[in-house]
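The values are calculated or read from the model by the stated rules, or taken from the named source; none is laboratory data. Model, not experiment: these values are computed from the prediction. Because the Cβ atoms are built from the backbone with ideal geometry, glycine has one as well, and the counts that use them run over all protein chains shown. The area values use the complete protein model at the heavy-atom level, side chains included, leaving out ligands, DNA and RNA. Shrake-Rupley method; radii C 1.70, N 1.55, O 1.52, S 1.80 Å.
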Amino acid sequence: MRRAIGASDEVADHQLGDLLFDTIVATRQGTAVTRHDYDEVWSLISHSDRKVRLVVPQMLEWLARLDPQAAGAPKEFPFMLAAGGRRMFNANQIFRDPAWRREDPDGAMLINSSDLSELGAEDGDWIAVESVIGRLVVRCKVDDAMRNGQLALPHGYGQAYPTSDGERLVNGPRINLLTESGNRDPIAGTPYHKNVAVRLTLVSAHEAAAYQSQSERIHMRAAGQ
């Protein structure tokens with residue numbers, strides 16, 4: 001760190017953290033936080049034989065317990081949802097203005113045409129997506145690049161968008177409402193966002209009309225109308 005930020009020997013070890021912080025704040029571009037010469041690299045490996053240990057015993061034990069026969073979707077939730085996909089006009093939730101989204105304004109769920117037809121719905125309809133812990137009503141969009149039984153929803157939607165009269169309207173799907181925190185990687189503890197078992201159901205005409213009206217109000221408001 002001393003070499004990376006140019007600290008002299010007069011700077012005490014306990015002062016390095018403050019000096020690094022001040023350097024980061026004062027520098028417009030990225031700041032190096034450490035620098036090592038090539039002949040020092042192998043000293044960073046603590047094993048006496050200077051070999052990298054790739055084996056993670058906990059991971060190998062977990063992999064050995066995997067059962068391919070149990071990998072399919074449960075009967076009561078026959079679709080697998082990849083939640084949190086990236087698209088042309090989605091980002092994290094610091095982008096709160098719906099007018100920014102020039103495409104896919106409602107964060108539509110991608111679905112194979114045959115799955116949608118079997119459900120009795122059409123492209124652009126509002127349908128319900130249910131997991132073991134939550135339910136969302138989303139607009140659907142046909143995409144035959146999706147396999148049968150596979151669905152996709154984008155991340156970055158679900159913001160409460162304010163209207164001029166103080167009302168707040170939710171813009172797009174809040175996909176984390178479908179995520180079960182206990183269904184997660186046993187090592188890293190990361191929920192399986194890209195592998196959420198769900199089922200699809202039709203919504204009533206009344207509920208579909210309510211979501212359609214909210215979508216139109218959000219985007220008219222975003223357009224300044």
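Some notes on this structure:
- Charged neighbours of Y192, selected by a Cβ distance under 13 Å, balance to 0 (K, R count +1; D, E count -1).
- Here K75 is the anchor, and the lysines within straight C-alpha reach of less than 29 Å, apart from those fewer than 8 places off in the same chain, are K141, K194.
- The local environment of T201, defined by Cβ-Cβ distances under 14 Å, has a net charge of -4 under the rule Lys, Arg +1 and Asp, Glu -1.
- Amide H contacts under 5 Å for M109: R139, C140, K141, restricted to partners 5 or more places along the chain or on a different chain, H placed in the peptide plane at 1.01 Å from N.
- Theoretical ellipticity at 222 nm over the chain - DSSP helices of four or more residues, -39500 (n - 2.57) apiece, nearest 500: -6000 deg cm²/dmol
- Close amide H pairs (under 5 Å, H built 1.01 Å from N) link A197 with L81, residues at least 5 positions away or on another chain.
- Per residue accessible area in Å² of the chain, where ligands, DNA and RNA are left out and the probe is 1.4 Å: 66 Å²
- Crossing angle, helix 16-26 versus the chain [Cα axis fit, 0-90 degrees, rounded to tens]: 50 degrees
- In region 163-220, taking the dipole from charged Cβ atoms about the Cα centre, the farthest positive-side position among I175, A197, S213 is held by A197.
- The trypsin sites (Lys or Arg not before Pro) found in region 130-162 that occupy coil by DSSP, while having at most 16 further C-beta atoms within 10 Å, are R147.
- Loop GluC sites (Glu not before Pro), region 83-182, which have at most 16 other Cβ atoms in a 10 Å radius of their Cβ (DSSP): E103, E122, E167, E180
- Fraction of antiparallel bridges per DSSP, the chain only, in percent to nearest 5: 70 percent
- Ordering of 12-19, 206-213 by packing is 206-213, 12-19, highest average first (other Cβ atoms within 10 Å, averaged per residue).
- From the coordinates shown, Cα Rg over 2.2 N^0.38 Å corresponds to which of (i) 1.25; (ii) 1.09; (iii) 1.44: (iii)
- Charge-dipole axis of region 17-79 as Lys and Arg at +1 and Asp and Glu at -1 on Cβ define it, positive-most pick from Q69, T27, V41: Q69
- By the rule of a C-alpha distance below 16 Å, with chain neighbours fewer than 8 residues away ignored, the aspartates and glutamates paired with K51 are D39, E40.
- Assuming charge only on the beta carbon of Lys and Arg (+1) and of Asp and Glu (-1), the dipole of the chain about its Cα centre is about 40 debye to the nearest 20.
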